[in-house]
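Just so it is clear, none of the values below were taken in a lab; they were calculated from the coordinates. Values in this document were obtained by computation on a predicted structure and should not be read as measured data. Virtual Cβ from ideal backbone geometry, glycine too; neighbours counted across all protein chains shown.
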Amino acid sequence: MRYFAILWDLEDEPDGNTRHIAEHGITRDEVEEVLEKPFIISISRTTGQPIAFSETNTGRYIAIVYQEVDSDTVRPITAYEIG
């Protein structure tokens, strides 16, 4: 799965995805890394949105819930470390 664009809200947007993901201790680089090479893609039981799981280069196992905007674009909703 490789999307051409990942939509990020501004860092100072109070309800934006950048800030929300950072609150979980995840960086934008980690999100992009996981979306580049997901190990597993499924559907989130809580949101009904797609969820990708993969290990980062630093050994963290991350889950990314995202929205498919169109066939070439995704917008991360949330991200968190597993385990």
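Worth a mention:
- The range 1-64: chymotrypsin sites (Phe, Trp or Tyr not before Pro) in DSSP coil with no more than 15 other Cβ atoms inside 10 Å: PHE4, PHE39
- In plain terms, the residue of TYR80, TYR66 with the fewest other Cβ atoms within 10 Å comes first and the most crowded comes last, giving TYR80, TYR66.
- Here the dipole of the chain is about 380 debye; that uses its Cα centre as origin and unit charges on the Cβ of Lys and Arg (positive) and Asp and Glu (negative).
- Note, ³J(HN,Hα) from phi for the range 9-19, Karplus 6.51, -1.76, 1.60, rounded to Hz, x at Gly and Pro: 7, 4, 4, 8, 6, x, 9, x, 5, 4, 5
- DSSP bridge analysis restricted to the chain gives an antiparallel fraction near 90%, rounded to the nearest 5.
- From the coordinates shown, percent of Cα pairs over 22 Å apart corresponds to which of (1) 41; (2) 23; (3) 16: (3)
- Restriction of the trypsin sites (Lys or Arg not before Pro) in the range 21-79 to DSSP coil positions whose beta-carbon has at most 10 other beta-carbons within 10 angstrom yields ARG45.
- Value of [θ]222 nm, deg cm²/dmol, for the chain, DSSP H segments ≥ 4, -39500 (n - 2.57) each, nearest 500: -5000 deg cm²/dmol
- Each residue of the range 69-75 is assigned a 3J(HN,Hα), and the resulting list reads 6, 7, 5, 10, 9, 10, 10 Hz, derived from the Karplus form 6.51 cos²θ - 1.76 cosθ + 1.60 (θ = phi - 60°), x at Gly and Pro.
- Residues whose amide H lies under 5 Å from that of ILE77, counting only those 5 or more places away or on a different chain, are VAL65, TYR66, GLN67; hydrogens are built 1.01 Å from N in the peptide plane.
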